[in-house]
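Inspection log for the structure reproduced underneath, given as structure tokens.
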Amino acid sequence: YRLRRYDEYFKYDFINLPDEKRKSFIGGEEYFDYVKSSFDGNYDECMIFKNKIDTYNIYKDYYHRDVVGIKNFNDYINFENFAKKNKTFIVKEEMGSLGIGVKKITLTNSKEIKPAFFSLLQYGGCICEEWINQCDEFAEFCDTCVNTIRFISAFDNGELTRIYAMFRTGRKGSIVDNA
């Protein structure tokens, strides 16, 4: 187990776990190595999944929500149209992970669109996603974020061998579901 972040050591109480239990965890780097191996080691293809804008552009038919990528000044018109429809939205760093740098933005009038765009350019690449209003049953867990169910599938020679599901929720006040 290679720790990606020092806080994983404390979060999972590694100091009190026997080696056998520690070896059952997959760290961030090991996970990425595994994903990369599923692309026959093709680093460029694998990187698509680390870049939120590229991933969206390839899989946008499956998103079912309004999304816009921002990299430079040429993206202003797309952002303006997005912001006119979506007064509240989530911003994520283009290459971000673990909920770091995620912000919820609410614009109260159209005069805030241009300053918001210039502020978002400072990310050096980000993606804005329409805010999702979840059902009341999910909101009971944490009403400040969108709680999700993630499905992970494993294939061997093109055949589905395993499928896992996990429920993710945020802590009170959090806007990300990273627990």
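Just need a number here: residues in the stretch 66-89 that are of a type in the set (S, T, N, Q) and within 15 Å of LEU107 (Cβ to Cβ). Before you say what the answer is, go through the steps one by one.
Step one: of the stretch 66-89, the residues of a type in the set (S, T, N, Q) are 72, 74, 78, 81, 86, 88.
Pick out the ones that are also within 15 Å of LEU107 (Cβ to Cβ) and you get 81, 86, 88.
Qualifying residue count for the region: 3.
Does LYS11 meet the test of being modelled with pLDDT of 70 or more and either surrounded by 11 or more Cβ atoms within 10 Å (Cβ to Cβ) or in contact with a Pro (Cβ under 7 Å, 6 or more places away or on another chain) (or both)?
No, not satisfied.
Just give me the residues in the stretch 147-169 being of a type outside the set (A, V, I, L, M), open to solvent by less than 90 Å² (accessible area, probe 1.4 Å), within 19 Å of LEU98 (Cβ to Cβ) and touching a strand residue (DSSP E or B) at 6+ places or on another chain (Cβ under 6 Å), in sequence order.
THR148, PHE167, ARG168
Considering only helices (runs of 4 or more DSSP H) fully contained in the stretch 44-146, which possess at least 1 residues that are in contact with a strand residue (DSSP E or B) (Cβ under 7 Å, 6 or more places away or on another chain) and in contact (Cβ under 8 Å) with a residue 60 or more places away in the chain?
Helices (runs of 4 or more DSSP H) meeting the threshold: 52-59.
Go through the stretch 14-41 and count every residue that is modelled with pLDDT under 75, open to solvent by 100 Å² or more (accessible area, probe 1.4 Å) and either in contact with a His (Cβ under 7 Å, 6 or more places away or on another chain) or of a type outside the set (A, V, I, L, M, F, W, C) (or both).
Summing the residues that are modelled with pLDDT under 75, open to solvent by 100 Å² or more (accessible area, probe 1.4 Å) and either in contact with a His (Cβ under 7 Å, 6 or more places away or on another chain) or of a type outside the set (A, V, I, L, M, F, W, C) (or both) in the stretch 14-41 gives 3.
For residues that are more than 21 Å from GLN134 (Cβ to Cβ) and out of contact with any Phe, Trp or Tyr (no Cβ under 6 Å at 6 or more places or on another chain), tally how many sit in the stretch 71-97.
Residues in the stretch 71-97 being more than 21 Å from GLN134 (Cβ to Cβ) and out of contact with any Phe, Trp or Tyr (no Cβ under 6 Å at 6 or more places or on another chain): 15 in total.
Can you tell me which residue is nearest to LEU120 (Cα to Cα) among those in the stretch 55-86 that are open to solvent by 90 Å² or more (accessible area, probe 1.4 Å) and charged (D, E, K, R)?
For the stretch 55-86, the residue satisfying everything is LYS71.
The values are calculated or read from the model by the stated rules, or taken from the named source; none is laboratory data. Everything numeric here is computed off the predicted structure, so don't read it as measured data. When we count neighbours, we look across all protein chains shown, and the Cβ atoms used for this are built from the backbone with ideal geometry, even at glycine. Accessible surface is based on the protein model in full, side chains and every heavy atom, while ligands, DNA and RNA are left aside. Shrake-Rupley method; radii C 1.70, N 1.55, O 1.52, S 1.80 Å.
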